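Before any comments, here is the structure.
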Amino acid sequence: MRIHLVRSSDVGRDLLASIYNLLVQEDGPVQFLKEEHSVSFQGQQTALSWEMIFDKCTEYRTRYTIPSDEFIILLTSKRNKENWFASPDPKGTRSIFIHTSEWDHYRALPRIRFHDLRHAHATHLLSSGVHPKVASERLGHSKVGITLDLYSHVLPNMQADAAAIVDDALRAVLNKRGTQGVAKD
């Protein structure tokens, strides 16, 4: 997997290099690429919307011919409307932004491998009720069974939840029948 680190013009090259150096310390299948070109949010004095942020990622991807199966991480110190530290594009374009003005705070946290973030993302998706097929696609698993095998421990209440849904549906039907009257023999 290839991940392109792109900075907005408000982020210095030294911070990009620092983040890049931190990320490449881990061995594994992820290849980080430090992009030389930056994107600009000129004239944007207010907090950025998702559209503004991820449109820049799409423009960059098109301009520098980055394949759609590769990721772009946009580093910016511009505030976003949700005031989040980081987020993936909700449209699933394999673009992510990181708000760098808080970077020093996050660098002080315990060391986390990139793969740990992947597991945390999968766990959060499934425990939040995202359908396993969707989680499987986001993780790039070839079959939903792989996702379920790896993360079924996250869903310990699946049987209880299913039983509660059926119970609620049956109670609703019985209550409805009770209010309409029961036919007598």
Could you look through region 81-129, keep only residues that are basic (Lys, Arg) and over 15 Å from the mean Cα position of the chain (by Cα), and pick out the one that is modelled with the highest pLDDT?
Lys81
Restricting region 141-164 to residues that are among the aliphatic types (A, V, I, L, M) and more than 17 Å from Val130 (Cβ to Cβ), the one modelled with the lowest pLDDT turns out to be Ala160
Wholly within region 1-110, helices (runs of 4 or more DSSP H) carrying at least 1 residues that are of a type outside the set (Val, Ile, Thr) and in contact with an Asp or Glu (Cβ under 6 Å, 6 or more places away or on another chain):
50-63
Search region 2-15 for residues that are over 15 Å from Leu48 (Cβ atoms) and pair each with any residue that is of a type in the set (D, E, K, R) and surrounded by fewer than 17 Cβ atoms within 10 Å (Cβ to Cβ) when their beta-carbon atoms are under 8 Å apart and the residues are at least 6 apart or on different chains.
Arg2/Glu70; Ile3/Glu70; His4/Glu70; Leu5/Lys34
Of the residues in region 21-52 that are within 20 Å of the chain's Cα centre (by Cα) and farther than 14 Å from Met1 by Cα, the one that is surrounded by the fewest Cβ atoms within 10 Å (Cβ to Cβ) is Glu51
Contact list, first residue from region 67-85 and more than 11 Å from Ser101 (Cβ to Cβ) and among the acidic types (Asp, Glu), second anywhere and modelled with pLDDT under 80 and surrounded by 12 or more Cβ atoms within 10 Å (Cβ to Cβ), beta-carbon distance below 6 Å, six or more apart or interchain, is none
Test Ala172 against the criterion of being assigned to a helix (DSSP H, G or I), touching a helix residue (DSSP H, G or I) at 6+ places or on another chain (Cβ under 7 Å) and either modelled with pLDDT of 80 or more or closer than 30 Å to Leu15 by Cβ (or both), and give yes or no.
no
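The values are calculated or read from the model by the stated rules, or taken from the named source; none is laboratory data. All values reported here derive from a predicted model rather than from experimental measurement. Note: ideal-geometry Cβ built from the backbone for every residue, glycine included; neighbour counts use all protein chains shown.
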